[in-house]
Amino acid sequence: MAKGAVALPEHCGDVTNEQIDTSIAEGVGWLERNISDSGVWLYRYNVEEDENIGGYNWVRHAGVLLSLEQTARYVDTEVGETAALVADRGWPAIEANYRNIRIGNRQTIAMQSSSSATGGTALTGIAVAERRIRTGDTDLDENLLKMARFVAAQVQADGSVLNEVDLKTGNGKPGSYSPFATGQALFLLAQARAIVETQEFDIEIAAIIRYLATERALREGYVPDVSDHWGAYAMAVLTETAPQFLTDRHTIQFVRKQLGIAGIQVRYESQ
């Protein structure tokens with residue numbers, strides 16, 4: 001059976017720096033207005049009834065913290081300062097969900113309020129890494145390493161990453177894959193490697209990259225392959241800090257394929 005993709009023409013017009021700055025400011029402003037005294041954000045809302053309909057997602061809480069930390073790091077205006085203050089209010093809530101788990105001879109930390117234990121912990125660790133880079137606070141290194149060790153424990157010998165984990169034992173559930181957790185795991189391990197200047201995770205990093213480049217699409221049933229932005233962020237870090245991981249021809253072919261997938265997606269979504 002033949003499959004095809006159509007790249008639609010772009011009609012988005014030019015975006016000015018002022019428009020970009022306004023969008024960032026409005027996003028930070030929404031997060032500032034909608035964080036509660038307990039440090040969690042409004043998540044599900046019925047606009048017609050003006051009603052908070054409850055529910056929460058700690059993985060997305062981690063994603064919000066990551067975006068705020070990045071804004072605080074890169075935006076050198078009052079908006080960046082506001083982002084830092086809002087992030088400060090959101091960190092205690094997620095830290096209350098850390099769970100210490102001993103796996104072998106390693107002390108690790110996982111996110112306990114998440115069915116996506118590996119992905120949720122990886123994304124939280126990525127946010128911790130961003131905060132560490134922004135603030136220079138070396139006290140964050142311990143938790144960063146513990147999260148990286150939990151995630152590394154879910155990396156199998158073939159480079160696949162188990163996403164669902166028994167938090168009593170630290171053992172991953174066989175076959176519990178995720179389209180996002182693999183790239184998130186790689187991103188966290190790459191960041192931990194660079195920030196703490198350790199080679200502790202080199203075996204897992206190499207295994208994940210090989211798996212992404214040669215096996216994941218067929219093993220996990222993604223045809224075409226996943227548009228893996230988390231894996232792309234990881235490889236961007238490794239390009240600057242450990243390019244020796246990215247020289248294999250299969251990895252180069254994978255990156256080129258990802259560029260093609262992302263290019264089609266961007267043009268499609270822009271419509």
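Between A96 and D166, what FRET efficiency comes out of the Förster formula 1/(1 + (r/R0)^6) with R0 = 30 Å and r the beta carbon distance, rounded to 0.05?
0.90
Between L66, H229, T77, whose Cα lies farthest towards the positive end of the dipole of the chain when Lys and Arg beta carbons carry +1 and Asp and Glu beta carbons carry -1, centred on the Cα centre?
Value computed over the given set: H229.
What is the gain in length, in nm to one decimal, between Q271 and E78 on full extension, counting 0.36 nm per residue of separation less the C-alpha to C-alpha distance?
Net length gain for the segment: 66.2 nm.
Please give the length that would be gained between I133 and N105 if that part of the chain were fully extended, namely 0.36 nm times their separation in residues minus their C-alpha to C-alpha distance (nm, one decimal).
That works out to 7.3 nm of additional length.
Are there any GluC sites (Glu not before Pro) in region 8-85 that are in a DSSP loop and have at most 13 other Cβ atoms within 10 Å? List them by number.
E10, E48, E49
Please work out which option in (1) 38, 21, 18; (2) 28, 26, 19; (3) 41, 23, 14 gives semi-axes √(5λ) of the Cα gyration tensor in Å calculated from these coordinates, and answer with its label.
Checking each listed value against the structure points to (2).
Pop the C-beta distance of K173 and S36 into the FRET formula with R0 = 25 Å and round what comes out to the nearest 0.05.
Here the calculated transfer efficiency is 0.15.
Can you work out the FRET efficiency for the pair Q156 and D248, with r the C-beta to C-beta distance and R0 = 25 Å, to the nearest 0.05?
That pair, Q156 with D248, gives E of 0.85.
Which one, Q191, A93, T118, projects farthest toward the positive side of the charge dipole computed for the chain from Cβ point charges (K/R +1, D/E -1)?
Going by the Cα projections, it comes out as T118.
Using only the Cα atoms of region 36-154, build the gyration tensor, take square roots of its eigenvalues as a ≥ b ≥ c, and label the shape rounded, prolate or oblate: rounded if a/c is under 1.5, else prolate if a/b is larger than b/c, else oblate.
oblate
Calculate what fraction, in whole %, of the accessible area of region 106-171 sits on carbon and sulfur atoms when a 1.4 Å probe is rolled over the protein chains.
Carbon and sulfur: 38 percent of the exposed surface of region 106-171.
About the Cα centre of the chain, how large is the charge dipole given +1 on each Lys and Arg Cβ and -1 on each Asp and Glu Cβ? Please answer in debye to the nearest 20.
1280 debye
In Å², and per residue, what accessible area does the chain have when probed at 1.4 Å with the other protein chains present?
That works out to 54 Å² per residue.
Just tell me which aspartates and glutamates come within less than 15 Å, Cα to Cα, of K257; anything on the same chain fewer than 8 places away is out.
List returned: E215, D225, D228, D248.
Stretched out fully, how many nm does the piece from T241 to L259 gain, at 0.36 nm a residue minus the Cα gap?
Result for the pair: 4.4 nm of gain on full extension.
The values are calculated or read from the model by the stated rules, or taken from the named source; none is laboratory data. Keep in mind it's a predicted model, so treat the numbers as computed, not measured. Reconstructed Cβ throughout: ideal geometry from the backbone, glycine too, with neighbour counts over all protein chains shown. Surface areas here come from the heavy atoms of the whole protein model, side chains and all, with no ligands, DNA or RNA. Shrake-Rupley method; radii C 1.70, N 1.55, O 1.52, S 1.80 Å.
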